[in-house]
Amino acid sequence: MTDLADKVALVTGGGTGIGRGIALGYARAGMKLALAGLETAPSADNQYLSAHLGGYSAAEAAAAEIGGDAFAIDADVADAASVDAMVARTVERFGRVDVVVNAAGVITACPIAEMSEAAWDNIMGVNAKGTFLVNRAAVLQMRAQGGGGRIINIASIAGKFGTATLTHYCASKFAVVGFTNALAKEVAREGITVNCICPGIVGTQMWTLLNDAFAEPGETPEEAYARVIDRYVPQGTPQTDEDMAELALYLAGAPHVTGQAINLDGGAAL
């Protein structure tokens, strides 16, 4: 596996949840880091149920925790100009981009009959269109550097099978899995690998929202979380940010693994 020391990684959603966990793992491997997050979104259709996400502030805090070669960028993955500026700022700071992790994502839970067109568009815009924009910018930059690089998209086991009230989210993550496989084939001869990590149940803000949505009558969110894990995860335990970081480290250094959507879910999708 490739030595990752002094490699440059750009991580979207890098201040919170899985993105933060991966960023910390990369920092421990000696990588230089650009952490992107969005402070204020155009929509409240997300796991925070607010347009104020605080993503940039969280990315700043993570960069300060890491220290050294880490800095934060306020960026909206659903906006092409913002994505291009994000990559440009990373190159301005470090001279290149070797690894791009697209961890920014949003979720809500809603029955189809109650779902607005705007809610659908926002989930698809961030999760699916955002993946396209970030991957396109990554490929263009990696080509400009002479080829080679690693792209890692964070999908979900919800990109492998459906879940009631998550039709928009599942559709977006199925899109990420298919997009990743297709792009991997397109850029394979250029030394660029493109893979997905498909997390299972990780105790991030997304699951804070889902605990409320999935709770049965009389059940607390904490009880709902424990029940879902016990019922659907064969290992009987949630996954962690550190689990995701270990796989992201492997994929960042693996030259011949590409086009894969790897479940990291304690066996939930078996």
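Only the coordinates and a few stated rules stand behind these numbers; no lab work does. Please read all numbers here as calculations on a predicted model, not as lab measurements. Don't worry about glycine lacking a Cβ; one is built from the backbone with ideal geometry, like all the others, and counts go over all protein chains shown.
Measuring r between the beta carbons of Glu216 and Ile262 and using R0 = 30 Å, the FRET efficiency lands at 0.45. The stretch between Arg231 and Glu114, if pulled fully straight at 0.36 nm per residue, gains 39.4 nm over its current Cα-Cα span. With neighbours defined as other Cβ atoms within 10 Å of a residue's Cβ, the residues Lys173, Lys185, Lys129, Lys7 order from fewest to most as Lys185, Lys129, Lys7, Lys173. Sorting Leu35, Leu49, Leu10, Leu133 by the number of Cβ atoms found within 10 Å of their own Cβ, with the fewest placed first, yields Leu49, Leu133, Leu10, Leu35. Against the chain, whose longest principal axis comes from its Cα atoms, helix 221-232 is set at around 80 degrees. Computed over every Cα-Cα pair of the chain and binned at 10 Å starting from 0, the pair-distance distribution P(r) comes out as 7, 32, 38, 19, 4, 0 percent.
The DSSP beta bridges internal to the chain are antiparallel in roughly 5% of cases. Each Cα pair under 8 Å and six or more residues apart adds its sequence gap; the mean of these over the residue count of the chain is a relative contact order of 21 percent.
Tilt of helix 241-253 relative to the longest C-alpha principal axis of the chain, in degrees (0 to 90, nearest 10)? Between helix and principal axis, roughly 30 degrees.
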